[in-house]
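**Student:** The structure's right below; bear with me while I get my questions together.
The values are calculated or read from the model by the stated rules, or taken from the named source; none is laboratory data. Model, not experiment: these values are computed from the prediction. Here the Cβ is made from the backbone with ideal geometry for all residues, glycine too, and neighbour counts use every protein chain on show.
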Amino acid sequence: MSATVSDKQALLIQDLECAANELLRETRRVLAGIGYEAQRQQLQQRLAEVLR
């Protein structure tokens, strides 16, 4: 088993801090895969807006 807790597992055990960190890590990984800086920044800004 992995040393890290998945976001689903974290939610199941009600560890919201861990779940939030896992979602943040995955979001950063996805954003890092976007090759165009301007598009990456626009998407990051839009995500910040919709998550408020």
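**Student:** Can you name every residue in region 32-52 that is surrounded by 11 or more Cβ atoms within 10 Å (Cβ to Cβ) and not in a helix (DSSP H, G or I)?
**Tutor:** Within region 32-52, Ile34 is the sole residue that qualifies.
**Student:** Now a separate question. Mind checking which residues of region 1-26 are surrounded by 14 or more Cβ atoms within 10 Å (Cβ to Cβ), under 24 Å from Gln44 (Cα atoms) and at pLDDT 70 or above?
**Tutor:** Cys18, Ala19, Asn21, Glu22, Leu23
**Student:** Also, quick follow-up: Any residue in region 14-31 that is over 17 Å from Ala48 (Cβ atoms) sitting within a Cβ distance under 7 Å of a residue that is at pLDDT below 85 and in a helix (DSSP H, G or I)? List the pairs, counting only those 6 or more apart or interchain.
**Tutor:** Short answer, once both residue conditions are applied: Cys18/Ala10; Ala19/Asp7; Ala19/Ala10; Ala19/Leu11; Glu22/Asp7; Glu22/Ala10.
**Student:** Taking Arg29, is it at pLDDT 95 or above, of a type in the set (Lys, Arg) and exposed (fewer than 12 other Cβ atoms within 10 Å of the Cβ)?
**Tutor:** yes
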